[in-house]
1. Go ahead and set up a Gaussian network model of the chain, Cα springs under 10 Å, then flag whichever of 85, 61, 41 fluctuates most.
2. Per DSSP H run of at least 4 residues, take -39500 (n - 2.57); add these up for the chain, divide by its residues and hand me the 222 nm value, nearest 500 deg cm²/dmol.
3. Between residue 12 and residue 90, what is the label-point separation in nm under the 7 Å Cα-to-beta-carbon projection?
4. Which far-off residues, 5 or more places away or on another chain, put their amide H under 5 Å from the one on residue 62, with H placed in the peptide plane?
5. If you place +1 on the Cβ of every Lys and Arg, -1 on the Cβ of every Asp and Glu, and leave all else neutral, what size is the dipole of the stretch 84-124 about its Cα centre, to the nearest 20 Debye?
6. Within the stretch 15-124, how many Lys pairs that are eight or more residues apart, or on different chains, come under 17 Å at the alpha-carbon?
7. Only Cα pairs under 8 Å and at least 6 apart count here; give the relative contact order of the chain as a rounded whole percent.
8. Name the residues whose placed amide hydrogens come within less than 5 Å of the amide hydrogen of residue 32, ignoring near sequence neighbours (fewer than 5 apart) on the same chain.
Amino acid sequence: MIRKKILIVDDNNTDLLLAKNILEKENGLLETFTAKSGEEGIKKASDNDIDLAILDIRMPGIDGFETCKRIKALKPDIKVLILTGIEEPLNIKLASEAGVDLFTTKNLMEYTLYRSIKKVLDLN
């Protein structure tokens, strides 16, 4: 199977490392990159051949929705998953309008993150 490249963008270092550790346990099928801001995430997405960007919503500077829009403008084929601790219906609507492919919450990240990635990247 082809190794997929995942970019994780989150200003919370604990959540960033947790997501990275969860994904790196998956049999070496996923290569992860990290960024602590939307701006840094956009640069890494631009400079690397990323398959999926996982974005937090609330970050200093530009938020996850704007980060998604800018990444999709640069590379429309990159899939985007919003991973947030904030469950508000408005955020789901804003995510859809920004071009997000899948929206999930951090509350069960350890159990749902890899399943969400498999879904959005259509992995078996």
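Please treat every number below as a calculation from the coordinates, not as lab data. Note that the structure is a prediction, hence the values are computed from the model and not measured. Neighbour counts run over all protein chains shown; Cβ positions are idealised from the backbone, glycine included.
1. The residue that fluctuates most here is 61.
2. Roughly -13500 deg cm²/dmol at 222 nm, from the helical runs in the chain.
3. 1.9 nm
4. Amide H neighbours of residue 62, under 5 Å, 5+ apart: 38, 39.
5. With Lys and Arg at +1 and Asp and Glu at -1, about 140 debye.
6. Step by step, the pairs that qualify in the stretch 15-124 add up to 21.
7. For the chain, the relative contact order is 23 percent.
8. Under 5 Å from the amide H of residue 32 lie the amide H atoms of 6, each far enough along the sequence or on another chain.
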